[in-house]
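The values are calculated or read from the model by the stated rules, or taken from the named source; none is laboratory data. Given the structure is predicted, the values throughout are model-derived calculations rather than measurements. Don't worry about glycine lacking a Cβ; one is built from the backbone with ideal geometry, like all the others, and counts go over all protein chains shown. Quick note on the areas: whole protein, heavy atoms, side chains included, nothing else; ligands and nucleic acids left out. Shrake-Rupley method; radii C 1.70, N 1.55, O 1.52, S 1.80 Å.
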Amino acid sequence: MAQDACLPELSDAEIRRFGRHLILPEFGIEGQRKLKAGSVLLIGAGGLGSPASLYLAAAGVGRIGLVDPDRVEETNLQRQVAHGYSTLGRYKTESAAARMLDLNPDLVLERHDTYFNIDNAVELVSRYDVVIDGTDNFPTRYLVNDVCAKLGKPNVFGGVLRFDGQLSVFDARFGPCYRCLFPEPPPVELAPNCAEAGVLGVLPGVIGSLQATEAIKLLTGIGTPMIGRMMVYDGLDMTFDTIRIAKDPACPCCSKAPSEIVLRTEQMVCSAPQVGGSITADALKDRLAAGEDVALVDVRNPPEWLAGIIPGARLADKPSIEADLRELPLGSSPQPGSALAAIPQRGEVVFYCQGGLRSAAVIRALVANGHDAKRLINLEGGIAAWTGEVADQSSSRKLEEAAG
Ligand SMILES: [Zn+2]
């Protein structure tokens with residue numbers, strides 16, 4: 001996006017390395033110099049960020065900022081191919097940076113081992129030409145959208161879930177923003193995340209690579225960016241559909257003058273009322289330590305259960321409970337061996353999942369089917385609160401559970 005006169009020259013090594021770009025008539029030396037002059041802020045070094053970071057570095061983007069507070073975990077490696085066993089426990093930004101600099105030693109790489117939040121959003125986005133949203137949670141997605149609209153930056157959006165992906169470029173100067181389509185975040189129970197719903201590992205590879213393509217097009221000015229269009233990818237049917245999306249004249253974000261756009265932190269709220277009791281992880285620990293006999297039911301999926309449980313818990317996963325409830329006539333006893341039969345029929349029962357949402361939904365379903373709400377108790381914050389994940393990563397884990 002720099003002017004020709006002030007574009008940086010390419011070194012001999014760069015001319016060799018980017019030869020396949022230079023012989024593209026649409027790209028050429030000028031396109032390569034524009035990339036070298038360009039900068040991208042990549043928010044999230046996970047599934048989408050892995051291919052995007054590697055391809056942008058390899059393509060010769062001059063400066064890349066990587067934002068991610070998380071460290072590499074084993075469960076990431078099914079899709080986050082910028083990382084590996086050799087970098088388990090390291091910051092994702094550090095892990096990805098090693099590969100990126102190996103691909104392009106001239107890259108200026110700026111690591112931000114921090115959450116993208118309302119305190120740093122303007123400062124970070126203002127320093128880059130293009131933003132890639134590689135996050136997997138709604139509050140961050142809305143904040144990225146709003147700050148890009150406010151500062152007049154293109155936001156290359158990608159979303160993945162199960163076998164499906166989406167791609168668009170939101171640039172409020174020339175087209176719609178994310179809030180033109182979805183003015184407010186959905187209620188938490190309608191916002192499944194990849195941790196709960198699953199994602200085919202290669203899917204973020206497809207969408208993240210397309211995000212890198214769009215960023216390169218924006219920086220070099222070649223082709224037609226996905227502004228005003230949304231690409232919808234169905235990995236099972238292997239179809240790519242593109243739909244037109246329009247600017248909403250009443251959009252709560254981009255209908256305003258940029259200076260009038262006020263940044264805020266979206267709260268993911270549950271539209272369903274709380275049913276039954278609730279208990280904090282600390283209170284539960286106290287009761288167990290005091291020798292109380294508290295029945296615990298883990299409603300997560302079996303693979304999550306295998307990764308670790310609260311001692312003494314029995315497994316009754318949410319899909320099985322819901323299937324049992326659909327099949328069981330109201331008021332009758334559950335079949336022996338069924339998920340419902342694993343739930344004690346008397347006394348207090350504490351239900352938990354990863355972050356407290358699925359277990360709350362199970363309690364609602366049980367109460368709707370005639371169970372006594374008074375004895376059904378939800379563990380607030382789920383096993384994440386129990387193991388202390390929430391304590392040191394505060395809001396983000398909750399956000400992740402809520403949306404991403
Ligand atoms: Zn808008």
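Some points to look at:
- What the Cβ-Cβ distance of Lys256 and Val232 gives, at R0 = 25 Å and to the nearest 0.05, is a FRET efficiency of 0.30.
- Across the accessible surface of the chain, with the other protein chains kept in place and a 1.4 Å probe, carbon and sulfur atoms take up 54 percent.
- Size of electric dipole in the chain: Cβ of Lys, Arg +1 and of Asp, Glu -1, about Cα centre, debye, nearest 20: 520
- Prolate/oblate/rounded call for the stretch 25-160, Cα gyration tensor, a/c under 1.5 rounded: oblate
- Taking label positions 7 Å along the Cα-Cβ direction at both Leu24 and Glu184, the computed distance is 4.3 nm, reported to one decimal.
- Efficiency of FRET from Cβ geometry, Val294 and Ser332, R₀ 25 Å, rounded to 0.05: 0.40
- Full-extension gain in nm, Ser209 to Lys285, via 0.36 nm per residue minus C-alpha separation: 22.8 nm
- Ranking of Val199, Val299 by solvent-accessible surface, largest first: Val199, Val299 (1.4 Å probe, protein heavy atoms only, all chains present).
- Rounded, prolate or oblate (a/c below 1.5 giving rounded, otherwise prolate when a/b exceeds b/c) for the stretch 152-283 by Cα gyration tensor: oblate
- Spin-label model distance (nm) - Leu306 vs Thr265, 7 Å beyond Cα toward Cβ: 3.7
- Dimensions of the chain along the principal axes, based on C-alpha atoms and rounded to the nearest Å, stand at 78, 49, 42, largest first.
- Computed label-point distance, nm, for sites Thr75 and Arg127 using a 7 Å Cα→Cβ extension: 3.2
- Lys150 contributes about 60 Å² of solvent-accessible surface, heavy atoms of the protein only, 1.4 Å probe.
- For the stretch 88-239, diffusion coefficient by Stokes-Einstein and Kirkwood Rh (Cα), 10 °C, 1.306 mPa s, µm²/s: 95
- Using alpha-carbon coordinates, inclination of helix 357-368 to the longest axis of the chain, degrees: 40
- Remark: the stretch 215-271 carries 59 Å² of accessible area per residue (probe radius 1.4 Å; ligands, DNA and RNA excluded).
- Added length on full extension, which subtracts the Cα-Cα distance from 0.36 nm per residue, Asp12 to Arg375: 123.4 nm
- Taking all C-alpha pairs of the stretch 27-105, those more than 22 Å from each other amount to 23 percent.
- For the set Leu101, Leu48, the ranking by accessible area, highest first and with no ligand, DNA or RNA atoms included, is Leu101, Leu48 under a 1.4 Å probe.
- D_trans [Stokes-Einstein, Kirkwood Rh over alpha-carbon pairs] for the stretch 103-160, 4 °C, 1.567 mPa s, µm² s⁻¹: 105
- Under 20 Å from the Ala341 label point (7 Å along Cα→beta-carbon), backbone N, the stretch 365-383: 366, 371
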